[in-house]
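Visitor: The structure's right below; bear with me while I get my questions together.
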Amino acid sequence: MARQKLDKTNAIRLLDAKRVQYEALTYDGEIHSAVSVADALGVPAEQVHKTLVVLTEPSGRKPLLVMIAGPDELDPRLVAQSIGVKSVRMAPHREAERLTGLQVGGIGALALVNKPFEPCIERAALQHAWVLVNGGRRGLNLKVGVKDLIALTGARIVDAVHHDAETPSGASDPTS
């Protein structure tokens, strides 16, 4: 079987230029869910990160690129608190594509370095040595060290998802 040549994306060019160790993993480009990508690649879903385009209110600030684990859902309230704005909202698919120039399912912070975005990464990513992030097109994920990802993108560490292990302050134990 002939080996398929991998087209270099901006993300791969950046990693190569900075001599950062990575592994390029390909999958069926029709898969759009980060959890499905994890299944296809045989890796833990919490280590496959999706990049969400998030807009701040009031506007006037650069859009955010928020990287969170595939199974997680963005908590806009937590993101707003983390970055010190009144509120945030997810960009609709069309707007995300227009702002990034990439297709939904192919948006990745490494592909958008030096573009007018503010990259952020969910604090829970720090628990891992590496994560998979999109390489700038559907069907391509890059396995990269979390520290390298933060250094290359300038990502701000934020609280972006509610974790089940957290208990609301002031909650009492019903068994006591």
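Visitor: Mind checking the per residue accessible area of the chain for me, 1.4 Å probe, whole number of Å²? If you can, show how the numbers build up before the last one.
Guide: On the way: 10070 Å² over 176 residues.
I get 57 Å² per residue for the chain.
Visitor: Using only the Cα atoms, work out Rg/Rh for segment 28-129, with Rh taken as the Kirkwood radius, to two decimals.
Guide: Details: Rg = 13.6 Å, Rh = 14.2 Å.
My calculation puts Rg/Rh at 0.96.
Visitor: Relative to the compact globular guide of 2.2 N^0.38 Å, what is the alpha carbon radius of gyration of the chain, as a ratio? Before the final figure, lay out the partial values.
Guide: Details: Rg = 16.8 Å, N = 176, 2.2 N^0.38 = 15.7 Å.
Taking N as the residue count of the chain, the ratio is 1.07.
Visitor: Just grab the label-to-label distance for Asp39 and Ala17, each label 7 Å out from Cα along the Cβ direction, in nm (one decimal).
Guide: 3.7 nm
Visitor: May I ask for the longest run of the chain untouched by GluC sites (Glu not before Pro) that are loop-located per DSSP and have at most 11 neighbouring C-beta atoms (other than their own) within 10 Å? Mind dumping the intermediate values first?
Guide: Details: sites that count: Glu30, Glu73, Glu166.
It runs 74-165.
Visitor: Over segment 1-92, with every protein chain in place, what whole percent of the accessible area is carbon and sulfur at 1.4 Å, could you tell me?
Guide: Working: 2650 of 5560 Å².
That fraction is 48 percent.
Visitor: Separate question: With both partners inside the chain, how many of the DSSP beta bridges are antiparallel, as a percent to the nearest 5? Could the numbers behind the result be given before it?
Guide: Details: 20 of 28 bridges.
For the chain, the DSSP antiparallel bridge percentage is about 70.
Visitor: Where does each of Lys62, Lys143, Lys86 land when they are ordered by accessible area, with a 1.4 Å probe and the largest first? The partial results should precede the final answer.
Guide: Details: Lys62 110, Lys143 65, Lys86 175 Å².
Largest accessible area first, the residues go Lys86, Lys62, Lys143.
Visitor: Hey, another quick one. Roll a 1.4 Å probe over the protein heavy atoms and report the accessible area of Asp28 in Å², nearest 10.
Guide: 90 Å²
The values are calculated or read from the model by the stated rules, or taken from the named source; none is laboratory data. These figures come from a predicted structure and were not determined experimentally. Note that we place each Cβ from the backbone using ideal geometry, even for glycine, and neighbour counts take in every protein chain shown. Just so you know, the surface numbers come from the protein's heavy atoms only, side chains and all, with ligands and any DNA or RNA stripped out. Shrake-Rupley method; radii C 1.70, N 1.55, O 1.52, S 1.80 Å.
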